[in-house]
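Colleague: Quick one: the structure is below, and I'll ask about it shortly.
Nothing in this text is a laboratory measurement; each read-out follows from the coordinates by a stated rule. Just so it is clear, the structure is predicted and the values come from calculations on it, not from any experiment. Note that each Cβ is placed from the backbone with ideal geometry, even for glycine, and that neighbours are counted across all protein chains shown.
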Amino acid sequence: MEIRKVLLTEDEMPRQWYNILADIKMNPPLGPDGKPVGPEMLTPIFPMNLIEQEVSSQRWIDIPEEVLGVYTIWRPSPLVRARSLEKALKTPARIYFKNESVSPPGSHKPNTAVPQAYYNKVFGTRKITTETGAGQWGSALSFACSQFGIECKVFMVRVSFDQKPYRKSMMEAWGGKCVASPSTETKAGRDVLEKYPDTPGSLGIAISEAVEAAVSDTTGKTKYSLGSVLNHVMLHQTIIGLEAKKQMEKIGEYPDIIIGCAGGGSNFAGLAFPFVLDKMNGKKIDIYPVEPSACPTMTRAPFVYDHGDNAGYTPLLAMHSLGHAFVPPPIHTGGLRYHGMAPTVSQLVSEGILEPRSVTQLAAFEAGIKVTRSEGLIPAPESNHAVACVIEEALKAKEEGKEKVILFNMSGHGLIDLGSYDKYLSGSLQNYELSDEELLEAEKIFENYPKPQLIKSR
Ligand SMILES: Cc1ncc(COP(=O)(O)O)c(C=O)c1O
């Protein structure tokens, strides 16, 4: 019988995360005065043990036993050879994916939600606030908080809240609380609602609300947690790529091409970063982060200093950004509707080590359905963006007659996204294209901002 899944035992699960900050050079985050911020500026928002990870340049960081214990609920995740998709495409390429949809909430997000809840517990945090786009992150954090006995409050982007009511039910099943953002509970939310009462919301707005809700608790026992973008989130997600590497080694394979969808960059980075180090050391690999063409951060927006949130509460981060006031069109991929991109991913894009791609909403769903009708799995709309790029590369390999090895991340399943599938299948889903004028208008916000330097890591 042909092998389809490559599995690791629990004993074979990696015991350390890989920290890319040991191997790349970065522009520092800046405070409101334009000077680099020290870790102390982050203490009202995050617990010190996570801040230490955020700024650490230690290459390998031990995964605590308690975190490994919760990881074993679903990890190690399978590496799957997409044989049926290969056959359907008649491609000589060998296509593999890490199936991160097998976690309880259905995505890669608990890989960082669990350690974040754990480090908060150790620090003495009683309640964590956060935002969620697709609802995957809010569910993951509610699940993780339930494992460690912490309260969880989620601000869910309005458009996704309306598209996916069952995500709220999931969060509540784990004991979390979920409100639509913008909400009337915070100043940031009220300000937006006053100006734009019918706004679909955005991740940037929801982040402002969650940060404000955390810092306004004067007991200091409420902290904020972010599901993507930050260095420590990328760090925790590297469990994906480290497992994948071991699994590929087991069958004597190594990827020529690595692909992941990118909203804030975390599932992509999780899969790709352990291989990026190989690429910097001379291996030939093509690495593609894939974003929606309706929110083209890496492919069309500049590398700038910008806030991570809409209200400007966060430090300025050096990243590809459409501007923190940008509200992306209401596409059905809530997790990819973010104006910025992880500084680590942005840095690697600016160095040409990663080569970003974009796909339209319709192309993404068309690709996702091909997976569903071959592999059986219904991917999250976010993951469909990666799949669209995989299919393009597999067809290119066919044209060129090359046996390329393609590795991608199935970041989540789409079982709570069936409303979007309904729309796609009934022909009522549409593409959104952004004009150059709209982008130039959005970029005006950076006129008086400091500019990051173009740095080469090697
Ligand atoms: C299934 C899934 N994939 C991808 C993403 C994008 O986030 P990131 O780029 O941080 O992986 C999300 C975010 O919500 C998601 O839910």
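Colleague: Could you please tell me the mean projected area of the C-alpha convex hull for the range 316-404, averaged over all directions and given in square nanometres to one decimal?
Modeller: 7.4
Colleague: Could you grab the relative contact order for the chain? Cα pairs under 8 Å, six or more apart, rounded to a whole percent.
Modeller: Values: 1018 pairs, mean separation 90.3, N = 458.
Over the chain, the number comes to 20 percent.
Colleague: Viscosity 0.890 mPa s, temperature 25 °C: Stokes-Einstein D of the chain from its Kirkwood Cα radius, in µm² per second?
Modeller: Numbers: Rh = 21.7 Å.
For these conditions, the coefficient is 113 µm²/s.
Colleague: Separate question: For n ≥ 4 DSSP H runs only, could you compute -39500 (n - 2.57) per run for the chain, divide by its residues and tell me the 222 nm figure to the nearest 500?
Modeller: -11500 deg cm²/dmol
Colleague: As an exercise, use a Förster radius of 30 Å and the Cβ-Cβ distance of Lys444 and Val215 to find the FRET efficiency, rounded to the nearest 0.05.
Modeller: 0.55
Colleague: Taking the alpha-carbon centroid of each part, what is the distance from the range 245-319 to the range 127-174 in angstrom?
Modeller: 25
Colleague: Per-residue counts of other Cβ atoms within 10 Å, averaged by peptide: what ranking do you get for 443-456, 88-101, 9-22, highest first?
Modeller: 88-101, 9-22, 443-456
Colleague: What FRET efficiency do you get for Ile455 and Arg373 if R0 is 51 Å and r is their Cβ-Cβ distance, rounded to the nearest 0.05? List each step's numbers first, then the result.
Modeller: Numbers: r = 45 Å, r/R0 = 0.88.
The calculated FRET efficiency here is 0.70.
Colleague: Could you work out how far apart the two model spin labels at Met1 and Glu172 are, taking each label as a point 7 Å from the Cα in the direction of the beta carbon, and quote it in nm?
Modeller: The answer from the label model is 4.2 nm.
Colleague: Which whole-angstrom value gives the distance between the alpha carbon centres of the range 82-103 and the range 1-32?
Modeller: Between the Cα centre of the range 82-103 and that of the range 1-32, the gap is 21 Å.
Colleague: Figure the gain on full extension for Lys35 and Gln430 (residue separation times 0.36 nm, minus the Cα-Cα span) and round it to one decimal in nm.
Modeller: 137.8 nm
Colleague: How about the chain: what cysteines have no other cysteine beta carbon under 4.7 Å from their own?
Modeller: Flagged as lacking a Cys partner: Cys178, Cys261, Cys295, Cys389.
Colleague: Determine the gain in length on full extension of the stretch Glu194-Lys402; use 0.36 nm per residue of separation and subtract their C-alpha separation, reporting nm with one decimal.
Modeller: Extra length from Glu194 to Lys402 when fully extended: 69.2 nm.
Colleague: Assigning unit charges at the beta carbon (Lys, Arg +1; Asp, Glu -1) and nothing else, what dipole magnitude in debye, to the nearest 20, does the chain show about its Cα centre?
Modeller: Computed about the Cα centre, the dipole is about 900 debye.
Colleague: Show me the ranking of peptides 401-413, 226-238, 107-119 by mean Cβ neighbours inside 10 Å, starting with the highest.
Modeller: Result, highest mean Cβ count within 10 Å first: 107-119, 226-238, 401-413.
Colleague: In whole Å, what are the extents of the range 139-249 along the principal axes defined by its C-alpha atoms, from largest to smallest?
Modeller: Here the spans come out as 56, 33, 28 Å, largest first.
Colleague: Could you work out how far apart the two model spin labels at Glu54 and Met280 are, taking each label as a point 7 Å from the Cα in the direction of the beta carbon, and quote it in nm?
Modeller: 2.2
Colleague: What order do you get for 122-131, 333-342 when each peptide is scored by the mean count of other beta carbon atoms within 10 Å, highest first?
Modeller: 333-342, 122-131
Colleague: Residue by residue through the range 73-85, what is 3J(HN,Hα) from phi via Karplus (6.51 cos²θ - 1.76 cosθ + 1.60, θ = phi - 60°)? Round to whole Hz and write x for glycine and proline.
Modeller: Residue by residue, the range 73-85 yields 4, 9, 9, x, 7, x, 9, 10, 8, 7, 4, 6, 5 Hz.
Colleague: Quick check for you: which residues of the range 266-308 have the amide N under 11 Å from the point 7 Å beyond the Cα of Asp23 toward its beta carbon?
Modeller: Only 272-283 fall inside the zone, counting backbone N under 11 Å.
Colleague: Using modelled amide H (1.01 Å from N, peptide plane; none on Pro or chain starts), what sits under 5 Å from the amide H of Ala380, excluding residues fewer than 5 places away?
Modeller: Gly412, His413, Gly414
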